[in-house]
Structure formats: C-alpha cells, structure tokens
Amino acid sequence: MTTMKVKGMIMVVIMMLCIPINAQTQSDKTLVAYFSATGTTEKAAKLIVEVTGGTLYEIQPEKEYVAADLDWHDKSSRSSVEMSDAKSRPALNSKPENLADYDTIYIGFPIWWNSVPRIINTFIESNDFAGKTIIPFATSGSSSISNAEKELQETYPDLKWQKGRLLNGATKEDIKKWTKK
Ligand SMILES: Cc1cc2nc3c(=O)[nH]c(=O)nc-3n(C[C@H](O)[C@H](O)[C@H](O)COP(=O)(O)O)c2cc1C
C-alpha cells in the first residue's frame, strides 16, 4: 500500500470516530437566557456559557432601564410601578431564534423586590418552553432565590423546572459543580 493510501485510511477512521461525538454534543443544546439591568447577572450568564458550551441570549427590554427606573426608594420609578403590578409585562426587543432546537434553558435575572423582574414573565409567556428543562438563576444584594423560584413554579406549573441557584460572586468552579448535578 502506498503511504498516500495509508494516510487516507487513517483520515477516514478519524472522521468516523468524530461523527458520533459531534452528533451527541449537538443532541442536547443549551440556551442561557438572561436579563441584567446593571451587568451582574450578565457575568454569571457568561460563566454558565463557558462551562456548558451553551448559547448566550440577552433578554432585552424594548425600552432600556436607566438608573432612575431602578430606584427602589422611589415608589413611582418604573421598576417600582412594574413590581407592584403582578400583571405588568414590559415589552421585549426580540425573541430567541430557533428556540425549538434547545432542550435546556437557563433563565437568569436580578432579584427585584425578593421576586422576578416582570420582563422575565414577558419572556416566558412569549415563547414556547413546553417539554424543555428550565433552570432559573439569579443575582441579588442579599436575598435568596427561593421566593422568586417558588413564584415562577406557581405561575408556570406546566413547565419542567429544575432547582435554581443564586450565583452571587460565583466562580467558574462553583458553576461547574452546580451544572454537573
Ligand atoms: C428595583 C430593584 C429591586 C431590587 N430588589 C432586591 C431585593 O429584593 N433583594 C436583594 O437582595 N437585592 C435586590 N436588588 C439588587 C439586585 O438584585 C442586585 O444588585 C443584582 O445583582 C443586580 O443584577 P444586574 O446587575 O444583573 O441587574 C434590587 C435591585 C433593583 C434595581
């Protein structure tokens, strides 16, 4: 056999070995969707993407939240008005593409008023998450994710929720340990 033929055969064997690996990694796709008003939750979302190899998606409001909108001392600020109305659904800028391709969806947000920013409700209600595994994560000043998580499960009982996690100050190692579970 010529050296060329041997090289060719080796290449074919390598390619055959690679096909099942590719097929497997593509069969479980992860989307890491997050809303972040001041960048903290975004950092956590990016670490999840690094660890899981998922696709990053920013949940963007049609109208960006400026500092005055986020003033929780002001009862008439945009966030206070939205959070005091359980039916408030701030409009989104876009929708994730090819959502049907994803099996696991992380949904991240800052804790607002010990709860979930209403834009997360808009996001959940404007997309079809049936049959997908949904994992919430959050960052906060000090509150836990428990109440936010409970509210999400109660509001959307038909969705397949998995235990969420507060990622305040989480490192890549912390996220590796968590996502392995
Ligand atoms: C309107 C508003 C309400 C908040 N409510 C809470 C709260 O109830 N508990 C808490 O620990 N932190 C609260 N925070 C702090 C944020 O959860 C925290 O700073 C978060 O990490 C911000 O994430 P981001 O930078 O991704 O927007 C609130 C912040 C805002 C703007």
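The values are calculated or read from the model by the stated rules, or taken from the named source; none is laboratory data. In this text the structure is predicted, and so the values were computed from the model without any measurement. Cβ placement follows ideal geometry from the backbone for every residue including glycine, while neighbour counts extend to all protein chains displayed. What goes into the accessible areas is simple: the full protein's heavy atoms, side chains included, and nothing from ligands, DNA or RNA. Shrake-Rupley method; radii C 1.70, N 1.55, O 1.52, S 1.80 Å.
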Check your understanding: Taking into account only those residues within segment 32-61 that are open to solvent by 30 Å² or more (accessible area, probe 1.4 Å) and part of a strand (DSSP E or B), which is farthest from Ser140 (Cα to Cα)?
Key -> Thr55
Point to revise | Residue list for segment 62-113, restricted to those being open to solvent by less than 30 Å² (accessible area, probe 1.4 Å), of a type in the set (Asp, Glu) and within 22 Å of Glu149 (Cβ to Cβ) | key: Glu82
Practice item. Using the structure shown, decide if Pro90 is within 13 Å of Tyr34 (Cα to Cα), of a type outside the set (A, V, I, L, M), free of Cβ contacts under 8 Å to residues at least 40 places away in the same chain and in contact with a helix residue (DSSP H, G or I) (Cβ under 9 Å, 6 or more places away or on another chain). Key: no
Exercise for review: Only residues in segment 145-172 that are farther than 15 Å from Leu47 by Cα count as the first member; pair them with residues that are acidic (Asp, Glu) and part of a helix (DSSP H, G or I), Cβ under 8 angstrom, at least 6 apart or cross-chain, and list the lot.
Suggested key: Trp161/Glu149; Lys163/Glu149; Gly164/Glu149
Exercise for review: State which residue is nearest to Ala67 (Cα to Cα) when the search covers only segment 1-37 and only residues that are at pLDDT 70 or above, within 25 Å of the chain's Cα centre (by Cα) and not aliphatic (A, V, I, L, M).
Suggested key: Ser36
Exercise for review: Give me a count of the residues in segment 38-65 that are within 11 Å of the chain's Cα centre (by Cα), among the small types (Gly, Ala, Ser) and within 13 Å of the ligand (Cβ to nearest atom).
Suggested key: 2
Review point. Going through segment 67-111 one residue at a time, which ones are acidic (Asp, Glu), part of a loop (DSSP other than H, G, I, E, B) and out of contact with any Gly (no Cβ under 9 Å at 6 or more places or on another chain)?
Key: Asp71, Asp74, Asp85, Glu97
**Study point:** Matching residues, segment 112-137, being assigned to a strand (DSSP E or B) and over 17 Å from Thr52 (Cβ atoms)
**Key:** Trp112, Ser115
